[in-house]
Amino acid sequence: MTDNSAPITQDVHTIPRKLPEEGKRNIVGLTREGLKQALAEIGTPEKQLRMRVGQIWQWVYQWGVRDFHAMTNLSKAYREQLDAAFTIALPEVVSKQVSDDGTRKYLVRIAGGHEVEIVYIPEESRGTLCISSQVGCTLTCSFCHTGTQKLVRNLTAGEIIGQVMVARDDLGEWPEPGMGTGENGPRLLSNIVLMGMGEPLYNFDNVRDAMKIAMDGEGIALSRRRITLSTSGVVPEIAKTAEEIGCLLAVSFHATTDEVRDKLVPINKRWNIETLLDALREYPKLSNSERITFEYVMLKGVNDSEEDARRLVKLISGIPAKINLIPFNEWPGAPYERSDWEQIERFADIVYKAGYASPIRTPRGEDIMAACGQLKSASERARKSRRQIEAEAGIG
């Protein structure tokens, strides 16, 4: 069992990583158009811009190169010009913890000294990376440890895609220059889920730009169907997500009545269940996604009754969907308990017999506080008392 009293610090700098240099602009996170504009500003001839963008993009996002001087298909003079104006910088890895089940949790530091957590969940011949979109969270969902940490700021597009690049460093998954991404066999980092710290749709522009980089075929090259964005229900941004990102969508649903969801997911007071479901019915049409995932954390005596299960399948009728049942991952001071396993299985059976896939998520990384709902950066770890949390959840 991993000792959580002190994080395990390991060197994950398998590729030399530079911190942002004063006076230099970090190109990580720039869209192709943004990079084109940046290159134009340092005097790159207009007729060369498209080619230069493609060359630099491939070096940075396909091969993971961090040194302009290593970009050998650029002239020496141009490499020096790039090095004088720009940097290629990622979040700084503070620590890495490895769970008994192989799950890896990284604590990374970003500009301003703030810290966020990233989780890599390995499976056979593949793996999923759970990334963060904000420092802290503004939603204060009462069952979520991250929600007890107040929002500090949004992450930039560079800090979001930088998390993916940090994980690829640690996994040693960058192909050698000249090789395609898929030529080394199965990818260890095959999926991205925006399910870490923060509400992605409250940081829409940066999330969109970062995911466009992840999906770019000449770089990291993940299919849009390999990316899942999880939202608590920011209704006005749902259609934009379909139109401008087109990834798969997961919704933190967690309740079948407005009364309960108001307590568990306070954003429900602004956009209630009916309003949210109306928006979701349009999403598969807009994005051509196969189905929406409804995330449902199982809380003992709160939302796990057989009546809740029957109400759930009635609510989502007509929406291509699967129901992801999540046994509650407890954390210090949590005001809830995990549903009994037999009750979770009864709930799942009702959903399954109604025609919906209802997998029960196997908790991963619990011993290092890396499971769903447990993330909270160490620098912001000040505990609230159980009484404070219960009062804010409206259950005290």
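Give the cross-link partners of Lys240 among the lysines, using a straight C-alpha distance below 17 Å as the criterion and excluding same-chain residues fewer than 8 apart.
Reachable lysines: Lys212, Lys285.
Listing Tyr296, Tyr283 from the residue with the fewest other Cβ atoms within 10 Å to the one with the most, what is the order?
By the 10 Å Cβ count, ascending, the order reads Tyr283, Tyr296.
Which ³J(HN,Hα) values in Hz, rounded to whole numbers, follow from the phi angles of segment 34-49 under the Karplus curve 6.51 cos²θ - 1.76 cosθ + 1.60, where θ = phi - 60° and Gly and Pro get x?
x, 5, 4, 5, 5, 5, 5, 5, 9, x, 5, x, 4, 5, 9, 4
Straight distance only, please: which lysines reach the Cα of Lys263 with their own Cα at less than 20 Å, same-chain residues fewer than 8 apart left out?
Answer for Lys263, where 20 Å is the Cα cut-off: Lys150, Lys300, Lys384, listed by chain and number.
Taking the Cβ of Asn73 as the centre, find all other residues whose Cβ is under 13 Å away and add up their charges (Lys, Arg: +1; Asp, Glu: -1).
Neighbour charge sum, excluding Asn73 itself: +3.
In whole Hz and in residue order, list the ³J(HN,Hα) couplings for segment 166-171 that follow from phi through the Karplus curve 6.51 cos²θ - 1.76 cosθ + 1.60, θ = phi - 60°; x for Gly and Pro.
My calculation for segment 166-171 gives 4, 5, 5, 4, 5, 7 Hz in order.
5 Å is the cut-off here: which amide hydrogens, built 1.01 Å from N in the peptide plane, fall below it relative to Gly246, excluding neighbours closer than 5 in sequence?
Excluding prolines and chain starts, which carry no amide H, there are no hits.
So how compact is segment 31-97: Cα radius of gyration and Dmax in angstrom?
Here Rg and the maximum Cα pair distance are 13.1, 48 Å.
Fewest to most neighbouring Cβ within 10 Å: what's the order for Met71, Met298, Met51?
Placing the least packed residue first, the sequence is Met51, Met71, Met298.
Please list, or write none, the aspartates and glutamates whose alpha carbon is within less than 13 Å of the alpha carbon of Lys105, excluding same-chain residues fewer than 8 places away.
Once the sequence-local aspartates and glutamates are set aside, what remains near Lys105 is Glu115, Glu117, Asp170, Glu366, Asp367.
FYI, it's all coordinate maths here, none of it is from the lab. Quantities reported herein were computed from a predicted structural model and do not represent experimental measurements. In this analysis, Cβ positions are derived from the backbone assuming ideal geometry, glycine residues included, and neighbour counts consider all displayed protein chains.
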